[in-house]
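Every number in this text was worked out from the coordinates using simple rules, so none of it is lab data. These numbers come from a predicted model, not from an experiment. In this analysis, Cβ positions are derived from the backbone assuming ideal geometry, glycine residues included, and neighbour counts consider all displayed protein chains.
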Amino acid sequence: MSGTEHWTSTSMPYITPRAQGQGDAWAEEAAAQGRRGTQRIVSAGEVAADDEPAALLGLTPGEPVVVRRRVIELDGEPVELTDTYYPAHIARGTPLAGTAKIRGGAVTLLAGLGHTGARVVETVTARLPTAEERDLLRLGSAQPVLRLARQTLDARDRPIQADLMTMPAHRQRLRYEMRTG
């Protein structure tokens, strides 16, 4: 993407389970725009939770979680780094703990395991990238990133997923729709 192009993304497709046979939401969203959306799973497995994912999941830092680390690409360009965390009691021993792609996406798998999101809380901040983020996202040292922290809770308000997404600010536009009453 050139510096003048922006990607406008909404969160809804990423928190809604997919119908049987559907691919992942990112590839579908990109294809609808005539683009190619892919993701590389860099690593997956059980780790001790750092402060931020622990807080989002209602855990104590150091408790076990399953994390999937991905580089999200649009037309071959990295546009997002995403770390998705799950409580270990939900994800341990499931495909969420592995590096293989999950047909229909992780949200669909979670729903099949009996864990469906009913409420989402997102917080967006801006900052300069770390050296690793600059490298992975192919950024200059003065180019800021947006950091989106998403907490997904079930109908009983229990956290089932936490996403930490880092995106080049100049390549993103986030769109939110809200209804009242």
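Under the rule a/c < 1.5 gives rounded, and otherwise a/b versus b/c splits prolate from oblate, where does segment 98-181 land using the Cα gyration tensor? Oblate. In this structure, ILE41 and GLU63 have a Cβ-Cβ separation that, at R0 = 30 Å, corresponds to a calculated FRET efficiency of about 0.85.
An oblate overall shape is assigned to segment 8-172, the ratio a/c of its alpha-carbon gyration tensor axes (a ≥ b ≥ c) being 1.5 or greater and a/b not exceeding b/c. Under the classification rounded if a/c is under 1.5, otherwise prolate if a/b is larger than b/c and oblate if not, where does segment 52-110 fall, given a ≥ b ≥ c as square roots of the Cα gyration tensor eigenvalues? Here segment 52-110 falls in the oblate category.
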